[in-house]
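The block underneath contains the structure these notes are about, expressed in structure tokens.
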Amino acid sequence: MDFISGEILYIDKPYGWTSFDAVKRLRGAIQRRLRLKKFKVGHAGTLDPLATGVLIVCTGRATRRIEELQAGSKEYVATLRLGATTPSFDLEKEIDATYPTDHITRELVESVLPGFTGHIMQVPPVFSAVKVDGKRAYKFARKGAEVELKAKPLRIDELELLSFSQEEIVLRIVCGKGTYIRALARDIGVALRSGAHLTALRRTRVGNARAEDCLSVDAAVAMIDNCPLEFPADPAAN
């Protein structure tokens, strides 16, 4: 493999890891293998720590393709708990309010989902990396400061109900860049005249990269440690 000219690695990000955690682990393995103190590695499309699935990692000159790669459509499978909200719209924060769900039927859910497909406007979560006055919104939110974020345009191509109960629904979502699935959960809860938050999220596809084709972080590190290199491991040997 030629990590300097650029490789694109498809990683299945583990639960509880930040995207940067995964990049850091792979960068360290590549630096050891190439005997370099510094090396450029980046990822295309951030996944929240509580999400799993496809994370595209680029090395060397392939980092120039990050913008192109993260622009591809993404597919998710999301589990939403109905009847309760959290400040972060997921499990990062404790439940702050509960709502009735007795009126929610499969037919009601299926009737509101089309309103979230196509080109829509979405207010990002305050617990997000969106910048406010040059700082990440989550830094304000975690200090309890009021943060007002503006709605942004985005595209949701498909929204399919995979399973239903009055306490929980599972959705398959195909969307474009910049979609916050946590915010979608919040908005669907409102549309159902109740509340909702995300309890599980898996990214199953980015562009043509699918979860079943991804390596675990440990498998990727083992590959880096053992794969043949297309140039001397010690640049001084050239």
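The values are calculated or read from the model by the stated rules, or taken from the named source; none is laboratory data. These numbers come from a predicted model, not from an experiment. Here Cβ is always computed from backbone atoms with ideal geometry, including for glycine, and neighbour counts include all displayed protein chains.
At-a-glance table
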| item | result |
| --- | --- |
| Residue match in region 118-129 (condition: surrounded by 15 or more Cβ atoms within 10 Å (Cβ to Cβ), of a type outside the set (Lys, Arg) and at pLDDT 90 or above) | yes |
| Candidate set from region 202-221 (those that are assigned to a strand (DSSP E or B) and touching a Phe, Trp or Tyr at 6+ places or on another chain (Cβ under 6 Å)); member that is modelled with the highest pLDDT | ARG203 |
| Some residue of region 50-67 being assigned to a loop (DSSP other than H, G, I, E, B) and touching a residue at least 24 places away in the same chain (Cβ under 8 Å) | yes |
| Qualifying residue in region 80-99 (condition: touching a helix residue (DSSP H, G or I) at 6+ places or on another chain (Cβ under 8 Å), more than 22 Å from THR199 (Cα to Cα) and acidic (Asp, Glu)) | no |
| Any hit, region 74-90, residues being in contact with a Phe, Trp or Tyr (Cβ under 6 Å, 6 or more places away or on another chain), of a type outside the set (A, V, I, L, M) and more than 30 Å from GLU230 (Cβ to Cβ) | yes |
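Rundown of residues vs (1) among the aromatic types (Phe, Trp, Tyr); (2) modelled with pLDDT under 95; (3) within 30 Å of LEU162 (Cα to Cα); (4) outside the structural domain of ALA220 (by TED's automatic domain parsing), yes/no style:
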site	(1), (2), (3), (4)
ASP12	no, no, yes, no
GLY42	no, no, no, no
LEU50	no, yes, yes, no
LEU55	no, no, yes, no
THR79	no, no, yes, yes
